[in-house]
Amino acid sequence: MSLSPIIKSYNCHHSHLLNQYRGVGTPKIHNGDEQQQQQQHTNTPILFTPIKVNDIILKNRIIVSPMCLYSCVDGEMNDFHLVHYGSLAKSGCAMIILEATAVLPNGRITYADSGLWKDSQIEPLKRIVHFIHNFGCYTAIQLSHAGVRGSSEIPFIQENQQQQLLKDTIKTWDTWNPNTMTLNDIKIVVESFQQSTRRAVEAGFDAIEINAAHGYLLCGFLSRTTNSRTDEYGGEFNNRIRLLLDIIKVVKIECCGSGNRDTNHNSSNAATEIPIFVRVSVVKEDIHSMDECIRLCEILKREGVRVIDWVSREPERVRATGILTSTVGNITNGHQAEQLLEQGKADFIMVGREHLKNFPLFTYNASKDLNVNINGAIPQYSSTFRD
């Protein structure tokens, strides 16, 4: 997959425009804890200032949140995903986190989920990652196991159409009733996260996100309500977080010192440690308490996790632990996003559905809200955004 000679020439000779906004100079690159001070010294809104995560520099604070598309066949992405994610990459966002991707076939939510449980699924992802990189946008992938929320049907397809789809695509879709995992089952899941990470690194992703939220498998282990185990993976807090920490340990192995990253993107570095994100949520106090989540975030920081993708209230409590923090949910405009950053509640703004409602122009609209000119990101579209 390659770009036209015109775009290739532009990227080669004007690559500085992919990371710089016209009219605002070159903002200082800083970590999240400096953002209050930074705003006092520049007119650039925090939302459009760069931030460093390990060895990658995000050009702004807008990240496309992972959103399931339920459009894969046997876990493999296709042209629909190339166009979808490619369009988002052109929008001016700093990073795209690709949708929940199952580490095992039985870890899918639906039969049309993305997967990375076998090597043949690498190449379709590599094609998408390479294309996204051409627009100065970084990539991450959310690795997941659905747990008790698996074996579902595609939510936007009527029931009478499901069987025909199954017949035309994967022929069969085995469903499972939830059962208590054996220690060997747990070992398989941990190994699968490691192998899926290896494949993601080979595909060229710049970051790895582990999904420990929304009632999926890892969230189920964290919860004192849903986790009724009596062995070393259940009971008290340190046991309930053990599976997640086991997975973090093996994911870190694959994220250190890989030389397989996309050589057409400026993140390529054989010695680079790929940052790990973890998505965490609080649903109800009696299921997974806020205090336990904060304790977990503190431990994840010590274990080398770089970003908490926080999908619940009070993100400022997570950020107070010293770990880079994102917030998400009903963020619809630039003013709202900037206010969250100004108040010190987060370092990044994750935006999901609003990117689809205004596809793919959320970042451009946010820049207009805040009087920042980012037309240079896509020169072919610049005339459209002139005042």
Residue check, Leu166 assigned to a helix (DSSP H, G or I), of a type in the set (A, V, I, L, M) and at pLDDT below 95
yes
So, of the residues in region 64-93 that are of a type in the set (A, V, I, L, M, F, W, C) and in a loop (DSSP other than H, G, I, E, B), which turns out to be nearest to the chain's Cα centre (by Cα)?
Met67
Of the residues in region 342-351, how many are within 26 Å of Ala100 (Cα to Cα) and either outside any loop (DSSP other than H, G, I, E, B) or at pLDDT below 95 (or both)?
4
Restricting to region 312-339, name every residue that is touching a residue at least 24 places away in the same chain (Cβ under 8 Å) and surrounded by 20 or more Cβ atoms within 10 Å (Cβ to Cβ).
Pro315, Val318, Arg319, Ile323, Leu324, Thr325, Ser326, Val328, Gly334, Ala337, Glu338
Can you tell me which of Glu338, Glu354, Glu292, Glu314 is modelled with pLDDT of 95 or more and among the acidic types (Asp, Glu)?
Glu338
Going through region 63-74 in order, the residues found to be crowded, with 22+ Cβ neighbours inside 10 Å and out of contact with any Phe, Trp or Tyr (no Cβ under 6 Å at 6 or more places or on another chain) are Val64, Ser65, Pro66, Cys72
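The values are calculated or read from the model by the stated rules, or taken from the named source; none is laboratory data. None of the values given here were measured: they were computed from a predicted structure. In this analysis, Cβ positions are derived from the backbone assuming ideal geometry, glycine residues included, and neighbour counts consider all displayed protein chains.
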